[in-house]
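To start, the structure itself, in structure tokens.
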Amino acid sequence: MLHDSVTPYQNKDVEKKEQVAQMFDTIANRYDALNSVLSLGIHKAWRKKCVAILAETKPALILDVATGTADFAIECSSINPKKIIGVDISEGMMKFGREKISHLNLSETIELTYGNAEILSYNDNEFDAIVVGFGVRNFQNLEKGLTNLYRILKPGGQLIILEFSYPTNFFVKAFYTFYLSVITPLIGRLFSKDKRAYSYLAESVKAFPHNQSFVDVLNKNNYQTTYFKKVCFGVAAIYVAKK
């Protein structure tokens with residue numbers, strides 16, 4: 001799959017997951033600020049839409065994969081689950097996530113720990129729901145990661161993925177392509193110590209299977225009742241599936 005071959009530093013001697021961890025450790029201190037600037041703050045509304053879908057099933061135990069600085073986990077706390085576990089391969093990102101969690105007095109509800117989606121060792125059928133916000137693009141092996149998440153999801157449990165997509169409208173797509181390929185890397189280079197990080201963002205978005213193509217990948221890996229919703233003219237998409 002093309003997605004699996006796109007890496008931050010294009011170093012064949014270092015696995016993708018290690019390159020991704022290094023990249024996020026490097027940009028962690030400015031990640032939230034840059035995210036808000038580059039998305040104009042809209043990403044917060046996208047997560048709220050995801051959690052509104054999640055709220056319908058009232059999950060007690062939620063896993064937030066690729067939690068980063070814990071924004072998705074924090075948003076999930078608004079529906080009052082018993083526990084949220086956030087996992088990520090970047091300790092640098094989780095350091096800032098833990099600070100936010102502590103500041104919001106959510107430490108009893110949200111726990112962050114190191115974890116790689118492809119090899120998470122949780123029990124079969126353990127989680128009521130799993131969420132992934134802008135993280136599946138960074139899986140080293142997309143299908144292996146999805147298969148492992150399926151294993152640890154309870155029967156009837158819900159998987160919700162928020163990910164960048166590509167608009168289909170010609171004019172929106174043209175502007176988005178320019179913004180993603182030119183403006184985003186430029187801003188990233190100006191404000192981040194890692195010149196490759198935001199170029200990788202554009203490359204990984206282009207290589208990722210979008211919309212129905214990703215639904216097909218989910219179906220191939222045994223997920224049921226799968227569908228997607230476009231948000232913001234198709235700039236991103238919310239994917240919903242059940243076990």
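The values are calculated or read from the model by the stated rules, or taken from the named source; none is laboratory data. The shown structure was predicted, so the numbers you read here are calculated from the model rather than taken from an experiment. FYI the Cβ positions are ideal-geometry reconstructions off the backbone, even for glycines, and counts take in every protein chain you see. Remember, those area values only see protein heavy atoms, side chains included, never the ligands or the DNA or RNA. Shrake-Rupley method; radii C 1.70, N 1.55, O 1.52, S 1.80 Å.
Summary table below
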{"item": "Qualifying position, being part of a helix (DSSP H, G or I), of a type in the set (D, E, K, R) and at pLDDT below 95, among Glu143, Glu203", "result": "Glu203"}
{"item": "Selection within segment 212-243 - open to solvent by 20 Å² or more (accessible area, probe 1.4 Å), outside any strand (DSSP E or B) and in contact (Cβ under 8 Å) with a residue 24 or more places away in the chain", "result": "Lys220, Asn222, Cys232, Phe233, Val235, Lys243"}
{"item": "Only one of Thr177, Thr109, Thr147, Thr184 that is of a type in the set (Val, Ile, Thr), within 19 Å of the chain's Cα centre (by Cα) and farther than 28 Å from Gln224 by Cα", "result": "Thr184"}
{"item": "Count of residues meeting criterion [closer than 12 Å to Val235 by Cα, open to solvent by less than 30 Å² (accessible area, probe 1.4 Å) and of a type in the set (Ser, Thr, Tyr)] in segment 169-208", "result": "1"}
{"item": "Only listed residue being touching a Lys or Arg at 6+ places or on another chain (Cβ under 9 Å), at pLDDT 95 or above and either over 19 Å from Lys229 (Cα atoms) or surrounded by 19 or more Cβ atoms within 10 Å (Cβ to Cβ) (or both), chosen from Asn138, Asn125", "result": "Asn125"}
{"item": "Segment 144-155 residues that are touching a residue at least 60 places away in the same chain (Cβ under 8 Å), paired with ones that are part of a strand (DSSP E or B) (beta carbon under 6 Å, 6 or more apart)", "result": "Leu149/Ile130; Ile152/Phe127; Leu153/Phe127; Leu153/Ile130; Lys154/Asp128"}
{"item": "Condition check for Glu99: assigned to a helix (DSSP H, G or I) and open to solvent by 40 Å² or more (accessible area, probe 1.4 Å)", "result": "yes"}
{"item": "Single condition Ile161 does not satisfy, out of (1) open to solvent by less than 10 Å² (accessible area, probe 1.4 Å); (2) closer than 22 Å to His43 by Cβ; (3) more than 12 Å from the chain's Cα centre (by Cα)", "result": "(3)"}
